[in-house]
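The values are calculated or read from the model by the stated rules, or taken from the named source; none is laboratory data. Everything quoted here is computed from the prediction, not taken from an experiment. Virtual Cβ from ideal backbone geometry, glycine too; neighbours counted across all protein chains shown. Protein only, heavy atoms only, side chains kept; ligands, DNA and RNA dropped before computing areas. Shrake-Rupley method; radii C 1.70, N 1.55, O 1.52, S 1.80 Å.
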Amino acid sequence: MALGEDEELMCLNCLAADNNKSNAELLESLASYIAGRECFSKPWQRYASVDFCPDPLGCIPEVCFKAGP
């Protein structure tokens with residue numbers, strides 16, 4: 001949805017590949033967009049640290065849990 005692709009839900013790996021980016025690059029490019037929209041940021045705020053990550057094997061903590069804006 002953040003990329004305007006709301007026809008189907010895609011995992012991070014597939015979405016990144018579809019946009020010719022790595023997972024980390026895609027998350028980094030969307031971070032400010034996600035943070036600026038409550039409907040996207042509110043679910044992310046449930047995960048206070050990497051310990052709560054719903055995808056521990058695919059987690060990219062330096063992007064997902066970066067401190068500050």
### Message
Need the failing condition index for Asp18 against (1) surrounded by 11 or more Cβ atoms within 10 Å (Cβ to Cβ); (2) under 13 Å from the mean Cα position of the chain (by Cα); (3) at pLDDT 80 or above, just the number.
### Response
(2)
### Top-ranked residue in the range 22-53 [being in contact with a Lys or Arg (Cβ under 9 Å, 6 or more places away or on another chain) and open to solvent by 50 Å² or more (accessible area, probe 1.4 Å); ranked as modelled with the lowest pLDDT]
Phe52
